[in-house]
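Asks: Just dropping this structure here.
The values are calculated or read from the model by the stated rules, or taken from the named source; none is laboratory data. The structure presented is a predicted model; accordingly, all values stated were derived computationally and were not measured. Cβ placement follows ideal geometry from the backbone for every residue including glycine, while neighbour counts extend to all protein chains displayed.
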Amino acid sequence: MEKILIQGGTVISMEPGQSDGSIKNVLIENGQILDVGDIAPSEHSEVIDAAGCIVLPGLIDSHVHTWQTGLRGIAGDWTVPQYMRAMHRGLATHFQPEDIYIANLIGALSKLDAGITTLVDWCHNNPTPDHTNGAIEGLVESGARAVFLHGSPKPDPKPGQKHYSEVPMPQGEIKRLRTGLLASDDALVTLGLAVLGPQYSVYDVCEQDYRLAKDYQLVVSAHTGGGPMLAPGSFEKLIELNLIDERSNIVHANNFDDELVKVLADAGASFTVTADVEMQMGFGNPLTGCLRRIGALMTIGSDVEPATSGDMFGAMRLTMNVQRNIDNLSSLSRDGSLPETSSISCAEALQWITINGARMIKKENVIGTIESGKKADIIIIRGEDLNLFPMNNAVNAVVRYANPGNVDTVIVDGKVLKRNGKLLFNDISQKKEALLESSQRILSDVGFLE
């Protein structure tokens, strides 16, 4: 593979202990970062001129339901009960495998376009192996890095069927994926589990699903919050059985108290906040403050495609400022004055969508920072765009001002997927037409287009 030299950019490496914001060159070869520093170009290098630009690790969306991409815009006013009823018991049941494929493809491409090089795809609409295969095919075709989290659909049971809360993850299907399509942990698309967990399943199902994740050494993620837990006390039991560890991820958890969060964090679990959806749909205030007090590993995600933007710049700002406001009001109430500086720094917020996301999916030695030996998942932001100029502080510029429109170049695994502000994917217009046809058919079948 040809060498690529990113030259003259302001590098935010996210590497611990490094002073970010200086002008450096980044040398890439065979998908890896070879060196960072004062590197001269060679005749064998493709040079990307990054003068006036910010170079940083590819962003990570730690929680997104990509299969819902074709339904964008319909859930802007929904709360949790309406979402569960309309999405899982209605719309989801009308998806065919080709609908999942095209939604995942366009969804992943839109992530790349926005500077997101890795997505944690929480796929809980895969009633058949063909649906699963379609989801994976879409992710692979996009060129993005992804963790495909195999989930469980939540339809109303038909006569004679068990309720979904009593149905464990299909072990045979997970074995098929782990020994076939997603056997390698070094591939761009890897396997994990999106389990029902204590929120949506009985305890026996919880234990079976977490044991399955442990057996195959998979990242395992569970939704919590948004209503009463179906099997309270289950997390404590799972911890006693050593089934909660650093591969475990908890999403939302807005109603968890500090004690439960601490025992989960002490066991190694990470937490993912999706502030936009949580505040719209009725989960309550995001868990950010609690996680920071306890020192738990925190990431953020975009979550529900039909309700919110997949823009991680916006998600980062919203999550940070909601908690800043809570902390400011707390200081006023407690001390009668505001703190001298904001409780959350821009540098900390940027960790949520870079290195923390990498740690959550157990790829912190592969991605999440710009340093020698890691995979070349890198984005370049135009620092001379009017909304960023003048760029007096690179980290603050990214966190406070940047948006997807500023993303000039996207590189995944050393391959340039976006250049000069344009995705390099072929036939994207035809793929968009296919998504529109899929979307209109599904919405029409359920009566949304009447």
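Asks: Taking the criterion of being among the aromatic types (Phe, Trp, Tyr), assigned to a helix (DSSP H, G or I) and touching a strand residue (DSSP E or B) at 6+ places or on another chain (Cβ under 7 Å), would at least one residue in the stretch 62-84 satisfy it? I'd like the intermediate steps shown before the answer.
Replies: Within the stretch 62-84, the first condition is being among the aromatic types (Phe, Trp, Tyr), and the residues that meet it are 67, 78, 83.
Filter once more, so that each one left must be assigned to a helix (DSSP H, G or I): 67, 83.
Imposing the further condition that a residue be touching a strand residue (DSSP E or B) at 6+ places or on another chain (Cβ under 7 Å) reduces the set to 67.
Looking through the stretch 62-84, at least one residue is among the aromatic types (Phe, Trp, Tyr), assigned to a helix (DSSP H, G or I) and touching a strand residue (DSSP E or B) at 6+ places or on another chain (Cβ under 7 Å).
Asks: Mind checking which residues of the stretch 66-109 are in contact with a helix residue (DSSP H, G or I) (Cβ under 7 Å, 6 or more places away or on another chain), surrounded by fewer than 22 Cβ atoms within 10 Å (Cβ to Cβ) and of a type in the set (Gly, Ala, Ser)?
Replies: The answer is Gly90, and nothing else.
Asks: Also, I was wondering about something else. Condition test on Thr224, is it closer than 30 Å to Leu112 by Cα and surrounded by fewer than 21 Cβ atoms within 10 Å (Cβ to Cβ)?
Replies: So Thr224 does not fit the description; no.
Asks: Among the listed residues Gln68, Gln82, which satisfies the condition of being in the same structural domain as Thr299 (by TED's automatic domain parsing), in contact (Cβ under 8 Å) with a residue 24 or more places away in the chain and of a type in the set (S, T, N, Q)?
Replies: Gln68
Asks: Six or more apart or on different chains, Cβ under 7 Å: which pairs go from a residue in the stretch 435-450 that's without any contact (Cβ under 8 Å) to a residue 24 or more places away in the chain to one that's assigned to a helix (DSSP H, G or I) and not aliphatic (A, V, I, L, M)? Could you list them?
Replies: Leu449/Gln440
Asks: Right, next: Name the one entry in Lys422, Lys431 that is of a type outside the set (Asp, Glu) and touching a residue at least 60 places away in the same chain (Cβ under 8 Å). If you could, list the steps in order and put the result at the bottom.
Replies: Working: Lys422 fails: touching a residue at least 60 places away in the same chain (Cβ under 8 Å).
Just one listed residue meets the conditions, Lys431.
Asks: With respect to Gly310, determine if the residue is part of a loop (DSSP other than H, G, I, E, B) and within 20 Å of Leu56 (Cβ to Cβ).
Replies: yes
Asks: In the list Asp385, Asp427, which residue meets the criterion of being among the charged types (D, E, K, R) and either under 23 Å from Val55 (Cβ atoms) or in contact with a His (Cβ under 6 Å, 6 or more places away or on another chain) (or both)?
Replies: Answer to the check: Asp385.
Asks: Go through the stretch 136-185 and give me each residue that's in contact with a Phe, Trp or Tyr (Cβ under 6 Å, 6 or more places away or on another chain), assigned to a helix (DSSP H, G or I) and of a type in the set (Lys, Arg).
Replies: Arg178
Asks: Give the stretch 244-283 a look and list any residue that's among the hydrophobic types (A, V, I, L, M, F, W, C) and assigned to a strand (DSSP E or B), or say none.
Replies: Passing the criteria: Ile250, Val251, Phe271, Val273.
Asks: While we're on this one: Do we find a residue being surrounded by 20 or more Cβ atoms within 10 Å (Cβ to Cβ), in the same structural domain as Val120 (by TED's automatic domain parsing) and either in contact with a Lys or Arg (Cβ under 7 Å, 6 or more places away or on another chain) or without any contact (Cβ under 8 Å) to a residue 24 or more places away in the chain (or both) anywhere in the stretch 246-264?
Replies: Taking every residue of the stretch 246-264 in turn, at least one turns out to be surrounded by 20 or more Cβ atoms within 10 Å (Cβ to Cβ), in the same structural domain as Val120 (by TED's automatic domain parsing) and either in contact with a Lys or Arg (Cβ under 7 Å, 6 or more places away or on another chain) or without any contact (Cβ under 8 Å) to a residue 24 or more places away in the chain (or both).
A quick yes/no check of all residues on (1) out of contact with any strand residue (DSSP E or B) (no Cβ under 6 Å at 6 or more places or on another chain); (2) surrounded by fewer than 23 Cβ atoms within 10 Å (Cβ to Cβ); (3) modelled with pLDDT under 95:
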| residue | (1), (2), (3) |
| --- | --- |
| Ala376 | no, no, no |
| Gly383 | no, no, no |
| Met391 | yes, yes, yes |
| Asn406 | no, no, no |
| Gln430 | yes, yes, no |
| Glu433 | yes, yes, no |
